[in-house]
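The values are calculated or read from the model by the stated rules, or taken from the named source; none is laboratory data. Note that this is a predicted model, so its numbers are computed, not measured. Positions of Cβ are backbone-derived with ideal geometry, glycine not excepted, and every protein chain shown enters the neighbour counts. Keep in mind that these areas ignore ligands, DNA and RNA; they rest on the heavy atoms of the full protein, side chains included. Shrake-Rupley method; radii C 1.70, N 1.55, O 1.52, S 1.80 Å.
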Amino acid sequence: MPSSIPGLDTKSEVAPALPAPEARMLGATRPWWVDVWVRMLVGKPLGTIGGVIVVGMLAAAVLADWIAPYGYAQTSLRARFIAMSAAHWLGTDELGRDLLTRLIYGARISLYVGFGAIAIGSVLATLIGIVSGYLGGRFDLLLQRGVDAWMAFPPLLLLLSIMSLLGPSVWNITTVLGVAFGIQNSRVVRGVALLVKEHTFVESARALGAGHVRTTLTHILPNVMPTIIVVATTGLSTVILTEASLSFLGLGVPPPYPTWGGMLSLAGLDHMYRAPWLAIWPAVALSLAVFGFNMLGDALRDLLDPRLKGG
């Protein structure tokens, strides 16, 4: 039946329906964290390699009880100082302990200390940085002078002094490294919080009657979170290296539990010329861990920091 209004064709005016796949593509939105990983796979090859190394370390640490060929303290005096064999792929140490097994369990303790310290430090850095940047004034001035006093001391010397007082243990070294990481990186979080606080949406929330806690949790923390993720990821390599340094100096996790720094310090130094693999393989594992976390952190920084888009 023709239209009663001249010049109007009802068939031509009705918009054609989109095909089902295209309609789903237009209606679907990808989560931001999925988008970050997809962009890393496409445009950040070094970050992808770092991520593979990190995932491999995590898998080795979690599955150590199942994939390790021997016990980490299992000795065999008949198998001392074997370089490489079918039974011991990376050799054995002065007590006949399998080096591959001890490296796998060393990854567990390194990641346990690393992630534990980063978790404690991230919470502390977020608390100090956001509260200091948001409140400002004399409170910010006083708090930052305390941060300055902490950072005035050489980091390793300060950690050595604290660990010598507390004594070597997993919990002590994790807590000390976490506090040190949090105080040092609170400056970064504070700087971002100061920038976010000046935006109009924060002023609008305050004008509408939002309290300090709600404004901080709803508007400032979500905008600071990408920076916290980047700082935490890049800081993991520093924490693992610091833990290895303390273990090398005898203030880390006590034996017989293996750590990469302790393996370098004990058997690695004592038998460097007779069995160089005792120092080589822990150093390789430590270098791969630092490289992996650094590359992953740099890639995440480029992808999450809006000032570095396209970097």
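Find how much the distance from Trp150 to Val62 grows on full extension, using 0.36 nm per residue of separation minus their present alpha carbon separation; answer in nm with one decimal.
Values: separation 88, 0.36 × 88 = 31.68 nm, distance 3.49 nm.
Taking 0.36 nm per residue and subtracting the Cα distance, the gain is 28.2 nm.
In terms of its alpha-carbon gyration tensor, region 216-309 comes out prolate; a/c meets the 1.5 threshold, and the first ratio a/b outweighs b/c. Couplings for region 164-175, taken from phi via the Karplus curve 6.51 cos²θ - 1.76 cosθ + 1.60 with θ = phi - 60°, read 5, 7, 7, x, x, 6, 5, 5, 5, 5, 5, 5 Hz in order; Gly and Pro are left as x. Between Glu203 and Leu77, the simple label model (points 7 Å from Cα in the Cβ direction) yields a spacing of 7.9 nm. Extension gain for Ser164 to Tyr273 (0.36 nm times residue separation, less C-alpha to C-alpha distance): 36.2 nm. Between the residues Ser122, Tyr112, Phe291, the greatest Cα displacement towards the positive end of the dipole of the chain, with unit charges on the Cβ of Lys, Arg, Asp and Glu, is found for Ser122.
Shown in residue order for region 104-112 are the 3J(HN,Hα) couplings computed by the Karplus curve 6.51 cos²θ - 1.76 cosθ + 1.60 at θ = phi - 60°: 5, 5, x, 4, 4, 6, 5, 6, 4 Hz (x for Gly and Pro). A simple spin-label model places pseudo-atoms 7 Å from Cα toward Cβ; at Ala87 and Leu288 they are separated by 2.4 nm. Within the listed set Ala210, Ala119, Ala279, the Gaussian network model of the chain (springs between alpha-carbon atoms below 10 Å) gives the highest mean-square fluctuation for Ala210. Going by accessible surface with a 1.4 Å probe and the largest first, Phe248, Phe181 read Phe248, Phe181. If only the Cβ of Lys and Arg carry +1 and only the Cβ of Asp and Glu carry -1, the dipole of the chain around its Cα centre is close to 220 debye. Put a plus charge on the Cβ of each Lys and Arg, a minus charge on the Cβ of each Asp and Glu, and nothing anywhere else: the dipole of region 24-115 about its Cα centre is then about 280 debye. Put His271, His199 in order of accessible area, highest first, and with a 1.4 Å probe you get His199, His271.
Can you tell me the length gained on complete extension of the stretch Leu135 to Glu94, counting 0.36 nm per residue apart and subtracting the Cα distance? Spell out each step's value before the answer.
Values: separation 41, 0.36 × 41 = 14.76 nm, distance 5.79 nm.
Roughly 9.0 nm would be gained on extension.
Taking Met57, Met151, Met263 in turn, the Gaussian network model of the chain (Cα-Cα springs below 10 Å) assigns the largest fluctuation to Met151.
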